[in-house]
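The values are calculated or read from the model by the stated rules, or taken from the named source; none is laboratory data. Predicted, not measured: the structure shown is a model, and the values here were computed from it. Neighbour counts are summed over all protein chains in view; Cβ atoms, including those assigned to glycine, are modelled from backbone coordinates with ideal geometry. These area figures cover heavy atoms from the full protein model, side chains too; ligands, DNA and RNA do not enter into them. Shrake-Rupley method; radii C 1.70, N 1.55, O 1.52, S 1.80 Å.
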Amino acid sequence: MSDFSKRKNKSEELTMYLNNFLTNNKISYFESGYEFYKSIQSANDKIKILKDNTSKFVRYYPDFTFVGKEKTILIEVKNSSGIEKECFENYKMLVDLFNVNILLLLKNKKLCKVSDIVFTKMKSFDTIAQIDIPVTDNIWKEPRLLDKIEYTNYLKSYSSKNKYTSGCSFAFIDFKNTNFYDLDILLKYQ
């Protein structure tokens, strides 16, 4: 099984974990992320490649919408150690500019606020591609800042080693220093 398939399966398991928790506790919610709209596959495929702000907003819109008595909370399911820069920036914008409530459910099966995420300092050397990758703000590894030939070689290195990379800018979440909450915290808002 490829790395991508493994990641996809683990993501589906984490999504089901949240889905079961919400259903078993009779919590009002709906699946709001664009990936749940499978019947419109051509639009889903197209929106992944569009770079305008509206497309990014839709692409990175959180997966679940929790509807409580006094507040609505958007919940993103992220089964990885990192987060894409554009994804994080979309959530941060929604929180900072519009005061939207967003929680992330991470692979440790715990929730965190966007504002509580702490990132690890990133090293520029990529051990799989065996090259230095540009790093911004000491946390964002940004392969797409490589020149075209280096970027192509970077992707080929991953592919030749049966490793998956989207090639996007990303940062790793510091699981020791980020504040986390159990899913039970949602029960007080239902």
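Taking the criterion of being farther than 22 Å from Tyr154 by Cα, open to solvent by 40 Å² or more (accessible area, probe 1.4 Å) and among the hydrophobic types (A, V, I, L, M, F, W, C), the only residue of the range 101-133 that qualifies is Val118. Contact map, the range 114-129: residues that are over 21 Å from Ser160 (Cα atoms) paired with residues that are open to solvent by less than 50 Å² (accessible area, probe 1.4 Å) and of a type in the set (Ser, Thr, Tyr), Cβ distance under 7 Å, separation 6+ or inter-chain. Pairs shown: Val114/Tyr91; Asp116/Thr178; Ile117/Thr178; Val118/Thr178.
For the range 135-156, check the following and say yes or no: at least one residue is under 30 Å from Leu111 (Cβ atoms), open to solvent by less than 40 Å² (accessible area, probe 1.4 Å) and modelled with pLDDT under 95. Looking through the range 135-156, none of the residues is under 30 Å from Leu111 (Cβ atoms), open to solvent by less than 40 Å² (accessible area, probe 1.4 Å) and modelled with pLDDT under 95.
Restricting attention to the range 158-190, report how many residues are assigned to a helix (DSSP H, G or I) and of a type in the set (A, V, I, L, M). First the steps, then the outcome.
First pass over the range 158-190, keeping only residues assigned to a helix (DSSP H, G or I): 158-160, 183-189.
Now drop any that are not of a type in the set (A, V, I, L, M), which leaves 183, 185-187.
Selection size over the range 158-190: 4.
Restricting the range 157-188 to residues that are among the hydroxyl-bearing types (Ser, Thr, Tyr) and touching a strand residue (DSSP E or B) at 6+ places or on another chain (Cβ under 7 Å), which is most open to solvent (accessible area, probe 1.4 Å)? Among residues in the range 157-188 that are among the hydroxyl-bearing types (Ser, Thr, Tyr) and touching a strand residue (DSSP E or B) at 6+ places or on another chain (Cβ under 7 Å), the one most open to solvent (accessible area, probe 1.4 Å) is Tyr181. Every test in (1) of a type in the set (A, V, I, L, M, F, W, C); (2) open to solvent by less than 40 Å² (accessible area, probe 1.4 Å); (3) closer than 23 Å to Leu183 by Cα is passed by Met16 save one, and that test is (2). Restricting the range 107-157 to residues that are part of a helix (DSSP H, G or I) and among the small types (Gly, Ala, Ser), the residue that is nearest to Ser81 (Cα to Cα) is Ser115. Of the numbered criteria (1) at pLDDT 95 or above; (2) over 23 Å from Asn9 (Cα atoms), the one Ile75 fails is (2). Checking each residue in the range 80-108 for being touching a helix residue (DSSP H, G or I) at 6+ places or on another chain (Cβ under 6 Å) and within 19 Å of Thr23 (Cβ to Cβ) picks out only Leu105.
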